[in-house]
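Notes to accompany the following structure.
A short reminder: the numbers here are calculations on the coordinates, not readings from a lab. Owing to the predicted nature of the structure, the values given are computational and were not obtained by experimental measurement. Neighbour counts are summed over all protein chains in view; Cβ atoms, including those assigned to glycine, are modelled from backbone coordinates with ideal geometry.
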Amino acid sequence: MSKKDISRRTFLNYMLMGTGGFLAAGMITPMARFALDPALKADAGDGSMVPVTTVDKLSSEPQRFDFKVKVTDGWYKTEIPLSAWVYTEGDNIIALSPICKHLGCTVQWNTEPSKPNTFFCPCHFGFYEKNGKNVPNTPPLAPLDKYAYEVKEGKLYLGKPEPNPV
Ligand code: FES
């Protein structure tokens, strides 16, 4: 046997290494892709604005609009339901979060006869003025959050709720 000849044992070793490497690459590539996928997506959690209603439906009386926001949490994508109390004030649009700043119940507009034209939280008798400012001496200690908004082609788009500076 010359030095250039390959023994059966050497040939089998090469074949096993080649096959094992091929199988390992086939298993590792999808796992690496799965692990890196959320980081490679450009739209993960971009907080973009979502359409809620058309502007012609708005008035100076607060109305509740329900909508859904797409949320990406790692590999998990879902839609969460949100609501906003929306009204117009001159050329401005006010969109308030219905989440009470006391313990998170949902506020309603103008449902408590003892304090008309206020947002009322039935959980602990919290009150807010129309602009979202918390009424003193009631449980909430901060104004209702206010949504960022924009109007495009007659549609109202809402962004994230932000602290209300009233
Ligand atoms: S949760 Fe609204 S007043 Fe307590």
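Numerical summary
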{"quantity": "Built amide H within the under 5 Å cut-off of Lys155, gap 5+", "calculated": "Val55"}
{"quantity": "Table column - 3J(HN,Hα) (Hz), segment 87-101, Karplus curve with 6.51, -1.76, 1.60, x for Gly and Pro", "calculated": "8, 9, 9, x, 7, 7, 10, 10, 10, 9, 6, x, 7, 4, 7"}
{"quantity": "Too-long pairs where the Cα-Cα distance tops 19 Å, listed order kept, from Lys70/Lys130; Lys57/Lys155; Lys101/Lys152; Lys133/Lys155; Lys77/Lys101", "calculated": "Lys70/Lys130; Lys101/Lys152; Lys133/Lys155; Lys77/Lys101"}
{"quantity": "Paired Rg and Dmax values of segment 50-162, which use every Cα atom, in angstrom", "calculated": "14.7, 48"}
{"quantity": "Alpha-carbon centroid distance for the pair segment 103-166 / segment 68-101, whole angstrom", "calculated": "12"}
{"quantity": "Ascending count of other beta-carbon atoms within 10 Å, so fewest first, for Tyr128, Tyr87, Tyr76, Tyr14", "calculated": "Tyr76, Tyr14, Tyr87, Tyr128"}
{"quantity": "Footprinting exposure proxy for Thr138, Thr19, Thr118 (fewest neighbouring C-beta atoms within 10 Å first)", "calculated": "Thr19, Thr138, Thr118"}
{"quantity": "Fewest-first ranking of Phe65, Phe119, using other Cβ atoms within 10 Å as the exposure measure", "calculated": "Phe65, Phe119"}
{"quantity": "On Cα atoms only, tilt of 8-40 relative to the major axis of the chain in degrees", "calculated": "10"}
